[in-house]
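First the structure, in the form of structure tokens, and then the observations on it.
Nothing in this text is a laboratory measurement; each read-out follows from the coordinates by a stated rule. The structure presented is a predicted model; accordingly, all values stated were derived computationally and were not measured.
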């Protein structure tokens with residue numbers, strides 16, 4: 001293999017090795033990151049910390065089906081201060097939903 005081919009291949013391998021810990025992270029962990037990034041804990045109590053404006057989320061997976069949870073996340077209700085997260089991609093919604101169900 002000449003140097004022109006070796007260098008990009010080695011660079012790609014190095015990049016993949018650097019990303020491997022992030023790729024291997026579990027869906028609940030990614031969901032927790034999304035939960036934090038969206039500021040959900042500002043209004044919702046989860047795991048003993050967070051706000052009190054919205055309902056506590058511990059045990060949510062036992063109270064709501066995955067489809068009900070998706071509706072809560074994507075459909076804004078006039079009587080609610082919770083924003084709609086309909087701008088999230090389907091994989092992001094699924095990841096967030098999976099995390100919420102794990103609480």
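Quick notes
- Based on alpha-carbon atoms, the Kirkwood radius and the radius of gyration of the stretch 26-102 give Rg/Rh equal to 0.92.
- Viscosity 0.890 mPa s, temperature 25 °C, Stokes-Einstein D of the stretch 62-103 from Kirkwood C-alpha radius, µm²/s: 230
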